[in-house]
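The values are calculated or read from the model by the stated rules, or taken from the named source; none is laboratory data. Source: prediction; values computed, not measured. Please note: Cβ atoms are built from the backbone with ideal geometry, for glycine as well, and neighbour counts cover all protein chains shown.
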Ligand SMILES: Nc1ncnc2c1ncn2[C@@H]1O[C@H](COP(=O)(O)OP(=O)(O)OP(=O)(O)O)[C@@H](O)[C@H]1O
Ligand SMILES: [Mg+2]
């Protein structure tokens, strides 16, 4: 298990939100970008770190945003760092070097930002564990199926009752214990459903019931999540999010996209429960 003995990250630093799970393609990078832009639009200073060496989706999203901002409309852009995996013959030295890179990036961004958003790869890499170890809040998007729930807990296949916490949950529990001992800090964990089907289905209903139960037994808060919407894929190419589109004028949002935007706002509210309703209402006019 990863032991984070580092004391360089001071307790009074920026709030760190890590987007992770060990399964690929559940929406970590997309959701991370929407939350980063939401916080920017609320007036916070936001730094972002991409730990996904292989795909670098968040990095590409921000590159697309810079291009759009240069050619179309000026958009708020987070201070971004993309950390690449270290290649080393010695595994121990490779891990130390990766840990140092993450610490350096956090230390740099925390100087000038209120929030740091960390996007992790969809696999169990050391870099991902290091990223999780610095979280004040962990956000785990999951797709709406029992395959994704398996990441959180092992189930009795017939009864659909959880038997024991699975590997990702155990990692979070270990990190929570470490943080509590080291900093006397409780790490918040929010699980959100992503790509929810719009129509009722038995599976959708069952997943909802099980997740509700799991949130109590495994210790996470459940966010209401995002529906399945093509607009998420379209906006990536422009580097924009739903929070960048004006609700009036020629780019007027469709009813479906207004609903999607509400889902994004709702998620940000769930992640930041301490923020006042007045602060959150600023997102309405973004
Ligand atoms: N709510 C949604 N509706 C429709 N498409 C979505 C939604 N959320 C994400 N997607 C799409 O799903 C794909 C995977 O999303 P994304 O890259 O954010 O996942 P990820 O968890 O970061 O993946 P990886 O584990 O590979 O890093 C992308 O094409 C993205 O546009
Ligand atoms: Mg990703």
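Quick notes
- Which listed residue is free of Cβ contacts under 8 Å to residues at least 60 places away in the same chain, farther than 23 Å from residue 182 by Cα and under 17 Å from the mean Cα position of the chain (by Cα), from 142, 83: 83
- In this structure, residue 123 does satisfy being out of contact with any strand residue (DSSP E or B) (no Cβ under 9 Å at 6 or more places or on another chain), within 16 Å of ligand 1 (Cβ to nearest atom) and in contact (Cβ under 8 Å) with a residue 60 or more places away in the chain.
- Test: residue 21 is within 14 Å of ligand 2 (Cβ to nearest atom), in contact (Cβ under 8 Å) with a residue 24 or more places away in the chain, more than 16 Å from the chain's Cα centre (by Cα) and closer than 16 Å to residue 132 by Cα: no
- The criterion of at least 3 residues that are over 30 Å from residue 70 (Cα atoms) and in contact with a strand residue (DSSP E or B) (Cβ under 9 Å, 6 or more places away or on another chain) is met, among helices (runs of 4 or more DSSP H) falling completely within segment 148-247, by 167-183, 202-214.
- Of all residues making up segment 202-233, the number that are within 16 Å of ligand 1 (Cβ to nearest atom) and surrounded by 12 or more Cβ atoms within 10 Å (Cβ to Cβ): 11
Rundown of residues vs (1) away from ligand 2 (no atom under 15 Å from the Cβ); (2) surrounded by fewer than 23 Cβ atoms within 10 Å (Cβ to Cβ), yes/no style:
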site	(1), (2)
52	no, no
61	no, no
67	yes, yes
89	yes, yes
101	yes, yes
120	no, no
124	no, yes
139	no, no
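- Leading residue by the ranking (modelled with the lowest pLDDT) among those in segment 126-135 that are over 12 Å from the mean Cα position of the chain (by Cα) and away from ligand 2 (no atom under 14 Å from the Cβ): 126
- Sole residue being in contact with a helix residue (DSSP H, G or I) (Cβ under 7 Å, 6 or more places away or on another chain) and either farther than 20 Å from residue 22 by Cβ or within 16 Å of ligand 2 (Cβ to nearest atom) (or both), chosen from 80, 72: 80
- Some residue of segment 41-50 being in contact (Cβ under 8 Å) with a residue 12 or more places away in the chain, in a helix (DSSP H, G or I), more than 16 Å from ligand 1 (Cβ to nearest atom) and out of contact with any strand residue (DSSP E or B) (no Cβ under 8 Å at 6 or more places or on another chain): yes
- Within segment 15-31, restricting attention to residues that are surrounded by 21 or more Cβ atoms within 10 Å (Cβ to Cβ) and under 18 Å from residue 105 (Cβ atoms), the residue that is farthest from ligand 1 (Cβ to nearest atom) is 16.
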